[in-house]
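Below: the structure, in structure tokens.
Coordinate-derived values only; no laboratory data. Remember, predicted model here, so these are calculated numbers, not experimental data. Methodologically, a virtual Cβ is constructed for each residue, glycine included, from the backbone with ideal geometry; neighbour enumeration extends over all protein chains shown.
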Amino acid sequence: MMDIHQILKQLPHRYPILLVDRVLELEKGKRIKALKNVSINEPFFNGHFPHRPVMPGVLMLEALAQAAALLAFDTLGVTPDDKTVYYFAGIDGARFKRPVEPGDQLLLHVELARMKSGIFKFNARATVADELAVEAELICTMRSIA
């Protein structure tokens, strides 16, 4: 549905913080399913943890937020510019259920729950091989910067 080149046109993130590799499904105003391939070459694995590499939970949430941003931009029919920043406004009920390790494919499932006056609320979860890795309610907003 959306390859890395299209994602790079939408998201301002770049290596090492771009955490969405491909969009598999996108239903305007409703939901997105995206993919993050987790590689041993990720820079965070050097320190988290050298003896047992595990993807940090905050980065799993960041990957979900990036997928949510792609859904929000598609829903609004906009391509953000250099003057637009997409921020976290809140993360509720985050629960981590399974470690994510090198070689895993993290599937990002995000549904738009509510959109009101520039604030978006999403129900988000990520799975590996049909097992829940993380779930949370994400609240995000877009702001123009000078």
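Counting only residues that are in contact with a helix residue (DSSP H, G or I) (Cβ under 7 Å, 6 or more places away or on another chain) and more than 16 Å from V54 (Cβ to Cβ), which one in the stretch 18-30 is surrounded by the most Cβ atoms within 10 Å (Cβ to Cβ)?
V20
In the list R143, R125, which residue meets the criterion of being among the basic types (K, R), exposed (fewer than 14 other Cβ atoms within 10 Å of the Cβ) and assigned to a strand (DSSP E or B)?
R143
K83: of a type in the set (D, E, K, R) and farther than 21 Å from A129 by Cα, yes or no?
Considered against the rule, which asks whether it is of a type in the set (D, E, K, R) and farther than 21 Å from A129 by Cα, K83 comes out as yes.
Can you confirm whether the stretch 4-11 contains a residue that is surrounded by 12 or more Cβ atoms within 10 Å (Cβ to Cβ), in contact with a strand residue (DSSP E or B) (Cβ under 8 Å, 6 or more places away or on another chain) and within 15 Å of L107 (Cβ to Cβ)?
No; the residues of the stretch 4-11 include none that is surrounded by 12 or more Cβ atoms within 10 Å (Cβ to Cβ), in contact with a strand residue (DSSP E or B) (Cβ under 8 Å, 6 or more places away or on another chain) and within 15 Å of L107 (Cβ to Cβ).
Conditions: (1) more than 19 Å from T141 (Cβ to Cβ); (2) exposed (fewer than 13 other Cβ atoms within 10 Å of the Cβ). E101 meets all but one. Number of the miss?
Evaluating E101 over (1) more than 19 Å from T141 (Cβ to Cβ); (2) exposed (fewer than 13 other Cβ atoms within 10 Å of the Cβ) leaves (2) as the failure.
What are the pairs, 6+ residues apart or on separate chains, where a residue within the stretch 70-97 that is more than 22 Å from I4 (Cβ to Cβ) has its Cβ under 6 Å from a residue that is assigned to a loop (DSSP other than H, G, I, E, B)?
That search, which allows pairs on different chains as well, returns K83/I145.
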